[in-house]
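Supplied in structure tokens, the structure appears directly below.
The values are calculated or read from the model by the stated rules, or taken from the named source; none is laboratory data. Keep in mind that what you see is a predicted model, and the values were worked out from it rather than measured. Cβ placement follows ideal geometry from the backbone for every residue including glycine, while neighbour counts extend to all protein chains displayed.
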Amino acid sequence: MSDEVRNLDLDNKLGEGRYGIVCKGMWREKPVAVKRIQLIHIASNTQGEETLQGLDHLNVIKLFHAESDANFRYYYLELCNASLEKLFLKEGHKNKYRGPMPPSLTALYQLAVGLEYIHKMGLVHRDLKPENVLIWQDPRKGNVLLKWADFGLCKPVNERGSYSMSGVRGTFDWLAPEILNLFFNEELSQSESETTSTVKRGTIQSDVFSEGLVFGYFLLDGRHPFGLRHQIHTHILENKPVNLDKIQSKCARELILRMPRENIADRITSTEVAEFLKQMKSHETQLFALCSRDTYPSLEEVTHFLQEGMDFNCTIEEGMSPLHYLANKKRNGQNNLLEIL
């Protein structure tokens, strides 16, 4: 066992799951998060670990190293500040994340390109949820990145993006309907004493459904797009996203509606999600440029961005919105600010 494992700070726990804990530790004199899992819960081959160690993307958590002792497997991971669900804990909660966040569109884009990369590397994640989105802040520059984490259920896919699955894996509130249906069909088969076990095929499009739920959760300030806890499974199976109409940004709302669609063939791909958000970010940049120039924009220019579905309440890192830029700067020429507002 290495010095890093011996120096693992078990009293400085970052998280705890069904099969293990995450604590702070050191790896090659660098602070890391160390995930410790009992060996009985670890697959016998390490091919999956080798694949994950090969992942290298700003918006995917980095696995630096893995090793075992007599009882546990240890994973040395990039150390982050918090997970996404801690952003929405109630004020006063000791674990609430109160640090900086990127603008909403930037946050979604980061997650989109992260999942696109995972899929392009021939992998399906299978457990996308807020707890598996980590917030990382550069201690020197201060910029914030969101990263997909916890690849314990990750599997390789074939060239068509499908994979074999003999059972349901993942977190129920964040599963696609085809995965939920598989679980309920398995339960029905067991209750009817059926003993035949069939291997079914899953696809990376189930990840896109779950990603859409995470996007909605983020833009809804911690509310699930399909309602309250006791409603979620029913509403997912009935295709009733009851909260999505509360998302202010028309563009973001339209995108998310295309992600958690009931029919797999109707869902856009992770690449299409990333491209859509790239275009939205471009429009947002143009909007800020319009509102910060030396003359007030015309009503026609403002109307164009409204018709594009842009949110005039969107903010950049400093917390400034296009409306702030309009109101806080004295302009040349005709003052039509009231008309614009």
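Could you list, ordered by first residue, the pairs with Cβ atoms under 7 Å in which the first is in the range 168-183 and part of a loop (DSSP other than H, G, I, E, B) and of a type in the set (A, V, I, L, M) and the second is modelled with pLDDT under 95 and buried (at least 20 other Cβ atoms within 10 Å of the Cβ), at least 6 apart or interchain?
That search, which allows pairs on different chains as well, returns Val168/Ile179.
Let me spell it out: the conditions are (1) assigned by TED's automatic domain parsing to the domain that holds Lys250; (2) surrounded by 15 or more Cβ atoms within 10 Å (Cβ to Cβ); (3) more than 24 Å from Glu284 (Cβ to Cβ); (4) not aliphatic (A, V, I, L, M), and Ser104 meets all of them except one. Which number is the exception?
(3)
So, one more: Does Asn81 fit the bill of being of a type in the set (S, T, N, Q), closer than 19 Å to Leu153 by Cβ, at pLDDT 90 or above and within 21 Å of the chain's Cα centre (by Cα)?
Details: of a type in the set (S, T, N, Q): yes; closer than 19 Å to Leu153 by Cβ: no; at pLDDT 90 or above: yes; within 21 Å of the chain's Cα centre (by Cα): yes.
Considered against the rule, which asks whether it is of a type in the set (S, T, N, Q), closer than 19 Å to Leu153 by Cβ, at pLDDT 90 or above and within 21 Å of the chain's Cα centre (by Cα), Asn81 comes out as no.
Here's something else I'd like to know. Does Gly54 satisfy being farther than 18 Å from Ala149 by Cα and small (Gly, Ala, Ser)? Can you show your working first?
Values: farther than 18 Å from Ala149 by Cα: no; small (Gly, Ala, Ser): yes.
Considered against the rule, which asks whether it is farther than 18 Å from Ala149 by Cα and small (Gly, Ala, Ser), Gly54 comes out as no.
Among the residues of the range 69-97, which ones are touching a residue at least 60 places away in the same chain (Cβ under 8 Å) and over 24 Å from Leu220 (Cβ atoms)?
Result: Asp69, Tyr74, Tyr76, Leu77, Glu78.
Then there is this: Among the residues of the range 225-243, how many are exposed (fewer than 15 other Cβ atoms within 10 Å of the Cβ) and under 18 Å from the mean Cα position of the chain (by Cα)?
0
Out of the range 288-308, which residues are under 30 Å from the mean Cα position of the chain (by Cα) and farther than 18 Å from Ala107 by Cα?
Start the filter on the range 288-308 by keeping residues that are under 30 Å from the mean Cα position of the chain (by Cα), which leaves 288-289, 305-308.
Selection gives Ala289, Phe305, Leu306, Gln307, Glu308.
Just to verify a result, which residue in the range 294-328, among those that are without any contact (Cβ under 8 Å) to a residue 12 or more places away in the chain and of a type in the set (D, E, K, R), is nearest to Gly216 (Cα to Cα)?
Out of the qualifying residues, it is Glu318.
Return the only residue of Leu257, Leu244, Leu219, Leu299 being at pLDDT below 90 and of a type outside the set (Ser, Thr, Tyr). Let's see the steps before the verdict.
Values: Leu257 fails: at pLDDT below 90; Leu244 fails: at pLDDT below 90; Leu219 fails: at pLDDT below 90.
Exactly one of Leu257, Leu244, Leu219, Leu299 is at pLDDT below 90 and of a type outside the set (Ser, Thr, Tyr), namely Leu299.
With respect to Ser321, determine if the residue is closer than 30 Å to Pro177 by Cβ and either surrounded by 13 or more Cβ atoms within 10 Å (Cβ to Cβ) or out of contact with any Ser or Thr (no Cβ under 9 Å at 6 or more places or on another chain) (or both). Break it down stepwise before answering.
Numbers: closer than 30 Å to Pro177 by Cβ: no; either surrounded by 13 or more Cβ atoms within 10 Å (Cβ to Cβ) or out of contact with any Ser or Thr (no Cβ under 9 Å at 6 or more places or on another chain) (or both): yes.
The answer is no for Ser321.
Quickly run through the range 153-162 and pick out the residues that are within 20 Å of Ile42 (Cα to Cα), in contact with a strand residue (DSSP E or B) (Cβ under 8 Å, 6 or more places away or on another chain) and either free of Cβ contacts under 8 Å to residues at least 60 places away in the same chain or among the basic types (Lys, Arg) (or both).
In the first step, residues of the range 153-162 are kept if they are within 20 Å of Ile42 (Cα to Cα); the result is 153-156.
Subset that is in contact with a strand residue (DSSP E or B) (Cβ under 8 Å, 6 or more places away or on another chain): 154-156.
Matches in the range 153-162: Lys155 only.
Within the range 183-204, is there a residue that is at pLDDT 90 or above and in contact with a Lys or Arg (Cβ under 9 Å, 6 or more places away or on another chain)?
Among the residues of the range 183-204, at least one is at pLDDT 90 or above and in contact with a Lys or Arg (Cβ under 9 Å, 6 or more places away or on another chain), which makes the answer yes.
Being crowded, with 20+ Cβ neighbours inside 10 Å, in contact with a helix residue (DSSP H, G or I) (Cβ under 7 Å, 6 or more places away or on another chain), not in a strand (DSSP E or B) and not assigned by TED's automatic domain parsing to the domain that holds Glu131 is the filter here, so list the residues in the range 54-101 that pass it.
Selection gives Asn59 alone.
List pairs: first in the range 214-234 and farther than 15 Å from Leu87 by Cβ, second outside any helix (DSSP H, G or I) and among the charged types (D, E, K, R), Cβ under 9 Å, 6+ apart or cross-chain?
Phe226/Lys240; Gly227/Lys240; Gln231/Lys240; Thr234/Lys240
On the given criteria, is Gly227 under 20 Å from Asn181 (Cβ atoms), modelled with pLDDT of 95 or more, assigned by TED's automatic domain parsing to the domain that holds Pro103 and not in a loop (DSSP other than H, G, I, E, B)? I'd like the intermediate steps shown before the answer.
Details: under 20 Å from Asn181 (Cβ atoms): yes; modelled with pLDDT of 95 or more: yes; assigned by TED's automatic domain parsing to the domain that holds Pro103: yes; not in a loop (DSSP other than H, G, I, E, B): no.
When the stated conditions are applied, Gly227 does not pass them.
Something else about it: Within the range 107-128, work out how many residues are surrounded by 21 or more Cβ atoms within 10 Å (Cβ to Cβ) and either of a type in the set (Lys, Arg) or in the same structural domain as Asn59 (by TED's automatic domain parsing) (or both).
Qualifying residue count for the region: 1.
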